[in-house]
Each structure stands twice: as structure tokens, then as C-alpha cells.
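The values are calculated or read from the model by the stated rules, or taken from the named source; none is laboratory data. A quick note: this is a predicted structure, and the numbers were derived from the prediction, not measured. Here Cβ is always computed from backbone atoms with ideal geometry, including for glycine, and neighbour counts include all displayed protein chains.
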Amino acid sequence: MKIINRKYITIISIILFGSCFSAPSYSEGKTVKITPNKPIPKKSGLSILIENKIEIIGKNSPFIRIKDKTTIPNIEIFDSNSKIVKLNDIVKSKSAIHFWDTNCAPCLAEMEEFVNFAQKYETKYAPVIFISLDEDDKREYANKKFAELTKGRFKSYYFKTVPQKDAFYGHFMPQTIFYDKNKRETARGVSAKHYAEDSEAIFKYLEKMQ
């Protein structure tokens with residue numbers, strides 16, 4: 001595992017735009033300092049990505065260790081049938097939340113690997129909650145696509161409002177938030193990851209975070 005020291009690296013500016021932004025491929029000895037082109041609200045999803053260290057787990061799986069652990073916000077979201085549920089009710093101790101979008105090519109490309117990882121995670125820890133960032137008018141299509149990608153093994157949820165999205169995911173997809181036994185955010189997997197190849201290393205990393 002490599003901990004990236006930002007003081008000794010080349011700074012790369014990243015211009016954020018669109019609904020899906022896939023971070024550059026990280027490799028040993030390299031990192032990216034996120035320099036947004038607009039002010040970032042405190043305690044937003046993007047500020048979390050900026051303020052914490054990026055670590056490379058296994059071969060090439062970037063994770064962020066969260067310094068200031070926060071609990072799951074008590075917000076309402078939609079399930080795939082447009083029924084309102086409270087996020088805090090469905091996220092259990094040591095659960096994970098995975099963000100994806102049908103417009104995000106890396107999300108779709110890694111979905112098969114992640115679903116296999118999610119099944120192992122559920123066996124070892126707790127349920128994995130999938131939240132789509134698709135717009136309301138694409139929800140029906142997203143439901144069908146998700147069922148196809150996961151072979152019906154999971155169901156996807158949706159945010160009710162844009163501010164809810166901004167407070168969480170910080171414009172990087174795919175992204176996964178991992179929680180500890182007290183339901184506090186402990187780590188984030190950002191950008192596309194090698195879940196098949198790095199799963200053992202990822203589980204060891206998460207075990208230390210729990």
C-alpha cells in the first residue's frame with residue numbers, strides 16, 4: 001500500500017464538468033491534487049475528496065482515508081419503485097454506498113467486478129447500497145440497465161434532490177463510501193478500481209478502518 005505525499009508530487013489541475021468524471025489512472029509513486037475551478041462548500045462530497053489522503057491499495061485501486069468521520073445523514077431517497085425511504089434506515093453498521101450512473105462509462109465497465117465484490121462484502125460485513133445519479137427522466141432506463149448489469153442481485157436507489165447528490169459524491173464516479181461499525185464514514189474508493197485483482201488487499205485495508 002502506498003500513501004501519497006502531496007508535497008513531493010506534480011500537481012495536476014482537474015476541470016470538473018458533466019455528470020460523470022472519472023479520475024485519471026493512479027499508479028505507484030504518482031497522484032493527483034484536485035484543483036477545482038470554483039469554490040467548494042465545506043463538508044461537501046468534493047471537499048472530502050480534496051482534504052484527505054489518497055492511497056493506492058493493491059495494484060491500482062485509489063482509496064481515501066477519511067480524517068473527520070461523519071455519520072450517515074438522515075435524508076430521504078427513492079427506491080426503484082419511487083417509494084421514499086430514509087437512508088439511515090437502510091444503511092447498516094459497516095455498510096457501503098456505491099454511486100453509479102448510466103452516463104458513466106467507467107461505472108458500467110467495472111460493474112460486474114464490483115457486484116462480485118459487493119456480494120463478498122455483504123457476506124463479510126453488511127449490505128451494499130447502490131445509488132444511481134441518473135436524472136429523474138432516466139430512472140426507468142436506469143432501473144432496467146441496473147437489473148441487467150447486476151442480474152437482479154441488487155436494487156438501486158436515487159437521490160430526491162441535487163443538493164443531496166452534491167453533499168455526497170463530489171463529482172467522481174464510480175465511487176464507494178465505506179462505513180464503520182458505528183455507521184461513520186471511514187473510507188472512500190474513488191475512480192475505477194480493480195475489484196477482482198485487488199479485492200484481498202482492499203478487504204485488508206477496510207479491516208484496519210473498521
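Among the listed residues Lys155, Lys120, Lys151, identify the single one that is among the charged types (D, E, K, R), farther than 21 Å from His194 by Cα and either loosely packed, with under 14 Cβ neighbours inside 10 Å or more than 15 Å from the chain's Cα centre (by Cα) (or both).
Details: Lys120 fails: farther than 21 Å from His194 by Cα; Lys151 fails: farther than 21 Å from His194 by Cα.
The unique qualifying residue is Lys155.
Among the residues of region 63-85, which ones are polar (S, T, N, Q) and either more than 19 Å from Tyr158 (Cα to Cα) or modelled with pLDDT under 85 (or both)?
The first filter runs over region 63-85 and keeps only residues polar (S, T, N, Q), leaving 70-71, 74, 80-82.
Scanning region 63-85 gives Thr70, Thr71, Asn74.
Out of region 173-186, which residues are part of a strand (DSSP E or B), out of contact with any His (no Cβ under 8 Å at 6 or more places or on another chain) and either farther than 21 Å from Ser156 by Cα or of a type in the set (S, T, N, Q) (or both)?
Arg184, Thr186
Which residue out of Pro106, Pro174 is at pLDDT below 90 and touching a strand residue (DSSP E or B) at 6+ places or on another chain (Cβ under 7 Å)? Give the steps one after another, and end with the answer.
On the way: Pro106 fails: touching a strand residue (DSSP E or B) at 6+ places or on another chain (Cβ under 7 Å).
Testing whether each residue is at pLDDT below 90 and touching a strand residue (DSSP E or B) at 6+ places or on another chain (Cβ under 7 Å) leaves just Pro174.
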